[in-house]
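Remarks on the structure that follows.
The values are calculated or read from the model by the stated rules, or taken from the named source; none is laboratory data. All values reported here derive from a predicted model rather than from experimental measurement. We place every Cβ from the backbone using ideal geometry, glycine too, and count neighbours over all the protein chains shown. Protein only, heavy atoms only, side chains kept; ligands, DNA and RNA dropped before computing areas. Shrake-Rupley method; radii C 1.70, N 1.55, O 1.52, S 1.80 Å.
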Amino acid sequence: MDTLLIAFDSTQQALRAEMLLEYADIEIDICPTPKEITAGCALSIAFPSDELVQVKQIIVSENVEIRGLFEKTIEGYDEIH
């Protein structure tokens, strides 16, 4: 199963997103932000790609501030929209 990554500009937003996604029963992993992704926060959240629609819905409805959503590629990470 492919996983996607949410990067954040602040630890506060990362922890808030963690709480919201866990509450929605989305399987997540907190992980260090990869060096290829420039972000203001050292924490990122990995989640299954098949949860993308629900994750985006939670981010928008709860006004979670994120740096971006990323997928791992051979070259590194690409931002997805």
Completion exercise
Spelling it out for residue 33: with amide H atoms placed in the peptide plane at 1.01 Å from N, the residues 5 or more places away or on another chain with amide H under 5 Å from its amide H are 43, 44
Handout entry: Amide H contacts under 5 Å for residue 68, placed H, 5+ residues apart
Key = 7
Problem - Rough spin-label spacing in nm, given labels placed 7 Å along Cα→Cβ, for residue 79 and residue 9 - result: 1.1 nm
Exercise for the section: Just need the relative contact order of segment 17-81 here, percent rounded to a whole number, with Cα pairs under 8 Å and 6+ apart. Expected result: 26 percent
Exercise for the section: Show 72, 35 ordered by accessible area, largest first, where the area counts protein heavy atoms only and the probe is 1.4 Å. Expected result: 35, 72
Completion exercise
Along segment 48-65, Karplus-curve 3J(HN,Hα) (6.51, -1.76, 1.60; θ = phi - 60°) to the nearest Hz, with x for Gly and Pro, reads x, 4, 6, 9, 4, 4, 5, 4, 4, 4, 5, 4, 6, 5, 9, 6, 7, 8
Completion exercise
Accessible-area order for 67, 16, largest to smallest, probe 1.4 angstrom, reads 67, 16
Completion exercise
Here D for the chain, in µm²/s, from Stokes-Einstein with a Kirkwood Rh over Cα pairs at 20 °C and 1.002 mPa s, works out to 173 µm²/s
Handout entry: Accessible area per residue, Å², the chain with all protein chains present, probe 1.4 Å
Key = 63 Å²
Handout entry: Extension gain, residue 37 back to residue 24 (0.36 nm per residue minus Cα-Cα distance, nm)
Key = 2.1 nm
